[in-house]
Structure formats: structure tokens, C-alpha cells
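Each remark here refers to the structure printed beneath this line.
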Amino acid sequence: MLVSRLSALIVISACTASCSSPVAGNPSAPRPQRLQDVKTTAYTHSESDHLVHGVKTAAGSKLKFGTVRSAAADWSVYPVGTVFQIEGEPYTYEVDDYGSALVGTETIDLYKPTRATMNKWGVRRVNINVIKWGSFTKSLAIMKPREKRNSHVREMVEKIERGTTPANS
């Protein structure tokens with residue numbers, strides 16, 4: 001009897017641990033979730049403040065605009081690698097970029113390949129479904145070498161290191 005109770009307790013404990021565990025690879029990230037009324041804007045590689053970077057993201061990859069699309073955000077809110085979908089759209093977005101104007105705003109900037117598609121998007125409030133949260137550890141690894149040169153990068157790094165990100169609040 002004691003053995004069967006212990007076995008049941010172990011099975012329940014294992015299920016509870018796996019069911020409530022954070023996103024794999026990022027113990028501080030919240031579980032996948034639906035976020036309502038998220039402010040989104042759009043950007044393109046031909047904007048004057050992006051010319052120096054061309055079609056390269058802050059994560060070092062090429063800007064994507066296909067089934068999976070690039071998005072920029074404050075990495076202390078949406079860490080690099082965060083994958084989400086906007087409700088009503090068939091595309092998946094991956095946070096692989098950041099921008100100085102995004103820090104502290106909780107805004108997500110969606111990559112568009114032309115100024116016309118960027119302007120058409122404008123500013124929209126949308127509901128998003130986070131499929132996978134990215135990694136604050138990976139965000140720090142990318143940003144730490146850049147923090148001395150860029151105040152917006154330093155601000156994101158400090159928020160993550162202080163543990164004052166939304167995932168830790």
C-alpha cells in the first residue's frame with residue numbers, strides 16, 4: 001500500500017513538474033501565453049536609422065520576411081528568440097532585432113521589406129500568442145559586448161541583470 005502511494009505521488013509530482021516547468025532553455029521565462037492589446041509598429045531596412053545595419057538583425061541573422069518574419073523589441077521584455085503569432089495572421093514572428101526607440105515601451109516593431117508595406121502597417125494594437133519565449137541569457141550574451149557603446153543596450157542589460165523584466169516581476 002505504501003509503495004503504491006509513493007509510486008502515485010512520484011507520477012503526480014513528475015507530471016506537475018513537467019506541466020508547470022518554464023520554457024525549455026530559459027528557466028526565467030514565463031510559459032507560452034496570449035497577450036492582449038500589444039502595440040506594434042513597423043520598420044524597414046531602408047530607414048535612415050537602419051541603413052548602417054542593412055538587412056542584418058541585432059542577433060546577426062538576415063532580416064526575414066516569409067512564413068517566419070523578423071521582429072524587433074526591447075529584449076528585457078521580449079528576449080531574443082521569442083516566437084509569436086499575431087491573431088488573425090498566418091505568419092510567425094521571431095524577435096531577432098532591437099531598436100533604441102523600443103526600449104521601455106513594450107512595443108514590438110515588425111519588419112517589412114518596403115516603406116510602402118511599413119507605412120501601410122502603421123501603428124496597430126493586436127493580440128499575440130507567444131509560441132515560445134526567447135532567452136534572456138542569449139540576449140545578454142549578444143548585448144554585453146555592445147553595452148558600453150549604446151545607452152539603450154545598457155538599459156536592457158541592466159533590466160535583465162536586476163531581474164526587473166516582466167518575466168521576473
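Here segment 89-142 exposes an accessible surface that is 52 percent carbon and sulfur, computed with a 1.4 Å probe and the other protein chains kept in place. Close amide H partners of residue 98, meaning residues 5 or more places away or on another chain with modelled amide H under 5 Å apart, are 58, 73.
The values are calculated or read from the model by the stated rules, or taken from the named source; none is laboratory data. Note that the coordinates shown come from a computational prediction; the quantities given were computed from them, not determined experimentally. Each accessible area value is taken on the protein alone, full model and side chains, heavy atoms only, with ligands, DNA and RNA left out. Shrake-Rupley method; radii C 1.70, N 1.55, O 1.52, S 1.80 Å.
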